Amino acid sequence: MGLPEPPPLGTAALPPGTFAGQVALVTGGGTGLGRAIAVEFGRLGAHVVIASRDPEHRSAGGAALAAIGAASTGIACDIRDAAAVGALFDECEAGPGLPDVLVNNAAGNFPVPAEDMSPNAWRTVVDIVLNGTFLCSREFGRRHIAADRPGSIINIGASYAWTGGPGFAHSAAAKAGVKNLTETLAVEWGPYGIRVNGLVPGLFPHEDEVEAIRAVPDRHRSDALRQPAMRAGAPRELGWAATFLASPFAGFVSGHTMVVDGANWQRRAMLMPEVVPVREQMGRGPFTMGPPPGATS
Ligand code: NAP
């Protein structure tokens, strides 16, 4: 049986207009889960700003928002670049307004055994996930403190922040940093009226998954049977959680990281399955010294 299916797409738990007159900035909001989150903010009346590098991604997000009658603005930004992040907020303020909500969703990820990981691969993922989250949060915090305006930040995480993530050393370490940063900023910025929370998706398959993730052997085989919920998540369920966390109804919730995964990350078997080394799980050949395949530095 498993956990019940969620209410249909198009419904919302929060009152209509919860974010009317507000601006929600979603990094990476043109694709996948970021787009699903952006749509739920739009449905509740927010003007959504989608910030990312690829114009096609931004237009896909804009089209999804237009389809539900929500207003949006796409702004080019590489969140690894502090000056670009400053310019992003300048453009918001000159256009729809200073964002009331920031969703740090943008990420980069690909599986690779740690011994094969190039310094460049490590740096790239940490730069997007951890440094990018810090740079966007810092800009949001500085401007809200200066303007004496409350606000809400949602950092999208991953459960391997707690457990480690075999095959994803770069992303798991970066997400652990993001969870820790969430807790620090919640305390530092509470006095200024800024709430900071984390939101962790479980298994949420979506059409925009990058090739490196899609190519993990058996990625989508029996998704349902791999979860205590007996089903995967529907992206709207993540959007609903994000809008709740950013809403006035969560006004006393800060420094918390909410996991939306049907309890999958707490799974333990009475007898744990036999260990299969990461290289073998990924169908990689034996380890050899020298530059890893595809390494650029
Ligand atoms: P995705 O489809 O790969 O989207 C990543 C987004 O980030 C893209 O829209 C990309 O847009 C943007 N981005 C990447 N680098 C950027 C940069 N330097 N500057 C600005 N934007 C950048 O990811 P997803 O699967 O939807 O995941 C969304 C979030 O959920 C991520 O934080 C991820 O770690 C987390 N998560 C996902 C799952 C899952 O099952 N999918 C599970 C656990 C956690 P551009 O290419 O246009 O820049």
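Numbers at a glance
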| read-out | value |
| --- | --- |
| Packing-based order for 42-49, 20-27, 229-236, 248-255, using average beta carbon neighbours within 10 Å, highest first | 42-49, 20-27, 229-236, 248-255 |
| Residues with amide H under 5 Å from that of Ile153, placed H, sequence gap 5 or more | Leu102, Arg195, Val196, Asn197 |
| Cα coordinate range in region 23-281, projected on the principal axes (Å, largest first) | 56, 36, 36 |
| Electrostatic dipole magnitude of the chain [Cβ: Lys, Arg +1; Asp, Glu -1; Cα centre; debye, to 20] | 440 |
| Contact order relative to length of the chain, as percent, for alpha carbon pairs under 8 angstrom and 6 or more apart | 20 |
| Ala263/Ala82 FRET efficiency (R0 41 Å; Cβ-Cβ; nearest 0.05) | 0.60 |
| Selected from Pro96, Pro286, Pro277 as most flexible by GNM, with the chain as the system and alpha-carbon contacts under 10 Å | Pro286 |
| Under Karplus coefficients 6.51, -1.76 and 1.60, residue-wise ³J(HN,Hα) of region 195-210 in Hz, glycine/proline x | 9, 9, 10, x, 9, 10, x, x, 7, 10, x, 8, 5, 9, 3, 5 |
| Top positive-direction residue, dipole computed over region 23-281 with Cβ charges, set Leu271, Val125, Leu199 | Leu271 |
| Hull-based mean projected area of region 1-109, where the convex hull spans the alpha carbons, in square nanometres | 7.8 |
| Residues Val216, Val275, sorted so that the one with the fewest Cβ neighbours within 10 Å comes first | Val275, Val216 |
| Projected label distance in nm at Met270 and Phe249, using a 7 Å step from Cα toward the beta-carbon | 4.1 |
| Order by protection proxy (mean Cβ within 10 Å, highest first), peptides 259-266, 127-134 | 127-134, 259-266 |
| For region 143-158, 3J(HN,Hα) per residue [Karplus equation, 6.51 cos²θ - 1.76 cosθ + 1.60, θ = phi - 60°, Hz, x = Gly/Pro] | 6, 5, 5, 5, 8, 6, 10, x, x, 9, 10, 10, 9, 7, x, 7 |
| Considering only region 23-281, percent of DSSP beta bridges that pair antiparallel, nearest 5 | 0 |
| 3J(HN,Hα) from dihedral phi, region 27-33, Karplus parametrisation 6.51/-1.76/1.60, rounded to Hz, x for glycine, proline | 6, x, x, x, 10, x, 6 |
| Semi-axes of the equivalent ellipsoid for region 144-272, Cα gyration tensor, largest first, Å | 30, 16, 14 |
| Pairwise label distance in nanometres, Ala66 with Asp208, each label 7 Å out on the Cα-Cβ vector | 1.6 |
| Amide H within-cut-off set for Ile75, under 5 Å, with H built and near neighbours excluded | Ile50, Ala51, Ser52 |
| Cβ-based net charge around Glu56, under 15 Å, with every Lys or Arg adding one and every Asp or Glu removing one | 0 |
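No value in this document is a laboratory result; all are computed from the given coordinates. This structure is a prediction, so every number in the text was calculated from the model and none was measured. So basically every Cβ, Gly included, is an ideal-geometry build from the backbone, and we count neighbours across all protein chains shown.
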